[in-house]
Amino acid sequence: MLLVEPNPDLQSKLARLVTVHGHRVIGTSSLDGALALLEAFPVDLVLLAEEVCGHDPTSVVAELVSIRPHARIVIMTAPEPAESGVRPARFEALEYAPRPFDPEALDALIG
């Protein structure tokens, strides 16, 4: 699994949680790092922080898919604020998961 998370503390916590559940993980904080790691390692799942995508997640996902066409790509979103009923625009064809993950949700996500 490839974890693309710009926050070093969150990246470390998520990586530990994934490895505790018996999965291998490599991590990076940038899109350039993700592209380089995808070239080097045959990952089957990419957890991608929403802020790495910027305003156009479809182009970022297209770049990732061009390198690893069969990898599942999940965009990690910020938790929804309780007082806000407004969600940011999402692209329906993409898969999203709110973070932070509790152990059960992460285990179900990475299977």
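The values are calculated or read from the model by the stated rules, or taken from the named source; none is laboratory data. Please read all numbers here as calculations on a predicted model, not as lab measurements. Cβ placement follows ideal geometry from the backbone for every residue including glycine, while neighbour counts extend to all protein chains displayed.
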Item to check | Total residues in the range 31-50, condition out of contact with any Lys or Arg (no Cβ under 6 Å at 6 or more places or on another chain), touching a residue at least 24 places away in the same chain (Cβ under 8 Å) and either surrounded by 13 or more Cβ atoms within 10 Å (Cβ to Cβ) or β-branched (Val, Ile, Thr) (or both) | outcome: 11
Next on the checklist: Of everything in the range 56-70, what is outside any helix (DSSP H, G or I) and in contact with a helix residue (DSSP H, G or I) (Cβ under 7 Å, 6 or more places away or on another chain)? Give them in sequence order.
Outcome noted: Arg68
Checklist entry - Restricting the search to the range 7-19, which residues are surrounded by 14 or more Cβ atoms within 10 Å (Cβ to Cβ) and either in a loop (DSSP other than H, G, I, E, B) or not polar (S, T, N, Q) (or both)? => result Leu10, Lys13, Leu14, Ala15, Leu17, Val18
Checklist entry - If a residue has to be surrounded by 10 or more Cβ atoms within 10 Å (Cβ to Cβ) and either modelled with pLDDT of 75 or more or of a type in the set (D, E, K, R) (or both) to count, how many in the range 88-101 make the cut? => result 7
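Could you list all residues from the range 20-51 that are of a type outside the set (Asp, Glu), more than 12 Å from the chain's Cα centre (by Cα) and in a helix (DSSP H, G or I)?
Val20, Gly33, Leu35, Ala36, Leu37, Leu38, Ala40
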